[in-house]
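Worksheet: one structure, shown below.
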């Protein structure tokens, strides 16, 4: 089911007077955040929503799914779609990630093309945006001199017919309001797709799995994070003071990767679990009991059965 059809069904299922009772001129639409790995897409979406929804690390290809965040006020609802970094796929998982990017571009009312001001021109992504309404968001400008940022923006403007150019620093909170305004200027009139007090469509177990995966990216190098996915096999909500019970399966491709994740005497796995539990409790605002298990699934990134099972 496409995202547009899914949200239309969602609206019907949640039909209520306050859900559709919106003022005249109310705007709603989809804004896709697209760019190369580590361009700052997830950081920007988290800053706009005001809460951490997309995991963020200093490694490329951290985002694998399309993460939906909702930015709502009395007069509008912007559905932000954080996407995996654009790349040339080398295996099955990456191909599915690029399929997600393509589908998201087709559904978006406006594309926010995020370009890292510290990196060379991203013509690779631009080639995939022809004919679409695109706003250039030049990220990380706090890391370059003003003259360099102006020169980079001019070079991009010469390479592509952007509808607007917005330099930002999501970590510093600079120009976020202008990003929102540029999106709103291109949003159609219409009622909200989701209740106004909602910030995402994803269930809590999705974010729990992403938090565990983020800790793996933060604690390990080289191939281990990229060969890993996290599957939540059990999520039991309990009545306080009992803690919620979460069983998470960390999937790798080889026994050597499993050994690295577990570590001597289980020390590495315990470190991941402790860090993940703290962030999960902060996200859920309640205590949890987190159990981690490591499973080997040979070449899972290229096998459709596993990719389907793990939600890719």
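Read the figures in this text as sums done on the coordinates, not as results from a lab. Since we're looking at a predicted model, the values are computed, not measured. Note that we place each Cβ from the backbone using ideal geometry, even for glycine, and neighbour counts take in every protein chain shown.
Projected over all directions and averaged, the alpha-carbon convex hull of the chain occupies 17.4 nm².
Among 24, 172, the ranking by other beta carbons within 10 Å of each residue's beta carbon, starting with the fewest, stands as 24, 172. Relative contact order for the stretch 204-309: 29 percent, from Cα pairs under 8 Å spaced at least 6 residues apart, divided by residue count. Of all DSSP beta bridges confined to the chain, the antiparallel ones make up roughly 35%.
Across q = 0.12, 0.15, 0.17, 0.21 Å⁻¹, the stretch 94-196 modelled as identical point scatterers on its alpha-carbon atoms has Debye log10 I(q)/I(0) values of -0.45, -0.69, -0.87, -1.20, in the order of the q list. Length gained on full extension, residue 189 to residue 202, computed as 0.36 nm times the residue gap minus the Cα-Cα distance: 2.2 nm. Comparing 128, 282, 301 in a Gaussian network model of the chain (Cα springs below 10 Å), the most mobile by mean-square fluctuation is 282.
Taking the C-alpha atoms only, the angle from helix 92-107 to the longest principal axis of the chain is near 30 degrees. Relative to the first principal axis of the alpha-carbon coordinates of the chain, what is the inclination of helix 146-159, with its axis defined by its Cα atoms, in degrees from 0 to 90 and to the nearest 10? Relative to the chain, helix 146-159 is tipped by roughly 80 degrees. Counted over the stretch 155-312, the DSSP beta bridges are approximately 45% antiparallel. Translational diffusion coefficient of the stretch 138-221 (Stokes-Einstein, Kirkwood radius from Cα pairs, 10 °C, 1.306 mPa s): 96 µm²/s. Considering all C-alpha pairs of the stretch 204-309, those separated by over 20 Å amount to 37%. Between the Cα long axis of helix 267-284 and the first principal axis of the chain there is an angle of about 50°, rounded to the nearest 10. A straight line joining the Cα centroids of the stretch 127-176 and the stretch 297-312 runs 36 Å. Mind checking which of 228, 63, 171 has the largest fluctuation in a GNM of the chain, springs on alpha carbons under 10 Å? Maximum among the listed residues: 171.
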